[in-house]
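Below: one structure, written as structure tokens.
The values are calculated or read from the model by the stated rules, or taken from the named source; none is laboratory data. Here the structure is a predicted model, which is why all the values come from computation and not from measurement. So basically every Cβ, Gly included, is an ideal-geometry build from the backbone, and we count neighbours across all protein chains shown.
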Amino acid sequence: MKVRSRFAPSPTGSLHIGNVRSGLFAWLFARHHGGVFILRIDDTDRERSSKESLEEQLDDLRWLGMDWDEGPPDPAYFQTNRVERHRAAALTLLREGKAYPCYCSAEELDAKRKQAEREHRRPVYDRKCRNLDFPSDLALPDKAAGRNYTIRFKAPLDGETVLEDLVKGRMVFQNADLDDWIIIRSDGSPIYNFASVLDDADLRITHIVRGDDHVPNTPRQIQMFKALGFEPPAFAHLPQVLGPDGSPLSKRHGATSVVAYREGGYFPEAMLNYLARLGWSHGDQEIFSKDELIQFFDFADCGKSAGVFNPEKLLWLNFHYLKERPVAQLAREVTPFIEKRGWPIPGDDAWLEKMVATLHERAKTLDELAEFASFYLKDDITIDAKAAAKFLKPEIAAPLRTLAAEIDSIEGEFSAAAVQQVFERVLAKFNFKLGQLAQPVRVAITGGTVSPGIYEVIEVLGKHRTVERLNSAVKLTEQRA
RNA sequence: GGUCCCAUCGUCUAGUGGUUAGGACACCGGCCUCUCACGUCGGGAACGCGGGUUCGACUCCCGCUGGGAUCACCA
């Protein structure tokens with residue numbers, strides 16, 4: 001049987017790191033087995049669902065390369081479009097005696113629950129309405145029509161429900177511990193747990209891959225698959241992704257959405273690689289291409305315990321992918337991050353590539369790369385006060401002036417090698433060591449004490465801009481004198 | 001509280017009865033060096049506790065402790 005797995009996000013906000021990880025594993029599993037990956041939109045929470053969230057999440061998925069074989073924009077893959085199917089199935093269950101109407105009010109139920117908690121009893125539905133007689137042609141709830149009841153699933157009272165989980169192993173649940181849950185609300189709408197089972201069944205999902213927070217619901221769902229006449233699919237429940245403090249990853253842990261990293265200048269390769277290695281491993285290997293991930297992925301290699309999201313390792317992976325990226329590609333990719341800052345690019349593509357090359361092994365993200373390029377792009381650089389105080393002292397004015405003149409007189413190709421020759425002459429003339437001149441020059445032309453090699457910086461900056469900056473630095477030293 | 005799950009360096013993990021318990025991130029130090037990085041060499045750092053089983057337990061079993069998930073007319 002062909003593998004069919006799915007990812008079913010709710011478009012109620014940004015796509016969460018922990019969430020996509022489950023989706024990624026479902027995707028990897030499908031691709032590994034040459035199966036079908038399905039994207040279903042669980043948008044039944046109309047209050048919080050939005051078109052914007054949906055588009056953003058789809059963009060995230062496309063960015064990560066998690067392509068789907070079935071799903072949006074096909075309307076059949078939106079849960080809200082299936083409520084009639086859900087209701088019809090509930091009605092069938094009712095007719096078959098596998099479900100029944102419950103006339104208990106929400107308030108009544110709530111009171112009982114609280115009472116049970118006070119008395120340290122299990123806060124489950126007492127099945128008060130289970131054996132009530134009801135007309136064989138009873139219609140589904142409809143508040144407007146005065147049919148103000150809910151429909152409950154008539155769950156088995158004894159026996160056990162077994163979950164053979166692909167990552168967690170065998171779990172046995174006593175049916176006596178499970179209650180008769182509501183499948184249709186008093187307003188006639190289906191409950192997620194019910195809708196979800198029906199959707200998975202109709203979609204012929206063979207493997208449900210999701211977070212292990214769904215485990216407690218699974219025995220009920222297995223029972224529902226059977227009640228509906230379907231063979232339950234296989235399940236793979238993945239452990240949670242936690243924040244540094246050990247609590248489930250949430251907004252207060254900082255950036256936890258895919259879009260935050262996408263916009264933060266991270267590469268999809270890094271994100272994919274990081275997410276895959278969080279909870280899954282393949283020996284000692286750390287770096288995986290997408291194809292390797294697909295080739296090696298197996299639930300048997302997934303850990304059973306929750307993992308802490310480590311932004312620093314993600315950053316390291318991103319750096320790895322950045323280092324091995326061709327400069328031309330990087331130049332293209334960093335452009336939006338420069339434009340975002342409103343900075344000009346004072347040169348052609350070849351120049352931009354040269355610039356990027358000098359920053360290549362110093363920036364860890366595209367965003368950082370853009371930030372570090374500041375002094376190449378803007379002419380109104382700000383000289384760091386502390387750096388100026390330390391390196392732009394009056395006695396450096398003469399060497400700087402000489403250097404400026406020498407650089408200005410370079411004929412022919414303005415290359416790092418040519419610049420180096422000039423430096424050597426000036427160094428000899430003033431009997432300086434390279435460090436004594438390089439740091440002041442660095443401060444003069446970049447505004448700070450940290451930059452790529454001074455010769456290459458000057459080459460990229462060009463003769464004119466270098467000389468100008470050196471001269472204004474000379475003025476600065478004179479002002480300080 | 002009920003049900004269920006989990007437990008190797010700070011973090012991600014390898015390990016499936018016999019290993020100096022391995023790798024990676026982070027951290028610390030050396031080298032390289034015009035600064036910062038990169039690179040490179042090296043270092044510290046873990047099997048939660050207690051019982052079994054066994055010639056031998058990180059590995060198997062039980063208990064404890066600790067952590068977590070979930071108990072809605074939310075998804």
_Hits in segment A:9-61 (condition: touching a residue at least 60 places away in the same chain (Cβ under 8 Å), hydroxyl-bearing (S, T, Y) and not in a helix (DSSP H, G or I))_ = A:S14, A:T44
*Quick one: which helices (runs of 4 or more DSSP H) sit completely within segment A:246-307 and have at least 1 residues that are within 12 Å of RNA strand B (Cβ to nearest atom), in contact (Cβ under 8 Å) with a residue 24 or more places away in the chain and within 29 Å of A:E371 (Cβ to Cβ)?*
A:268-277
*Given the structure, is A:E353 more than 10 Å from RNA strand B (Cβ to nearest atom), surrounded by fewer than 14 Cβ atoms within 10 Å (Cβ to Cβ) and assigned to a helix (DSSP H, G or I)?*
no
*Counting only residues that are touching a residue at least 12 places away in the same chain (Cβ under 8 Å) and out of contact with any helix residue (DSSP H, G or I) (no Cβ under 8 Å at 6 or more places or on another chain), which one in segment A:182-199 is nearest to A:R82 (Cα to Cα)?*
A:Y192
*If you go through segment A:308-344 one residue at a time, how many are more than 12 Å from RNA strand B (Cβ to nearest atom), aliphatic (A, V, I, L, M) and buried (at least 17 other Cβ atoms within 10 Å of the Cβ)?*
4
*Please enumerate the residues belonging to segment A:317-360 that are closer than 15 Å to A:S451 by Cβ and either touching a helix residue (DSSP H, G or I) at 6+ places or on another chain (Cβ under 6 Å) or of a type in the set (S, T, Y) (or both).*
A:K354, A:M355, A:V356, A:A357, A:T358, A:L359
_Among the candidates A:A404, A:A444, A:A416, A:A388, residue that is over 26 Å from A:H360 (Cβ atoms) and modelled with pLDDT of 95 or more_ = A:A404
*Do any strands (runs of 3 or more DSSP E) lying entirely in segment A:94-181 carry at least 3 residues that are touching a residue at least 40 places away in the same chain (Cβ under 8 Å) and in contact with a strand residue (DSSP E or B) (Cβ under 8 Å, 6 or more places away or on another chain), and which ones are they?*
A:99-102, A:150-153, A:160-165
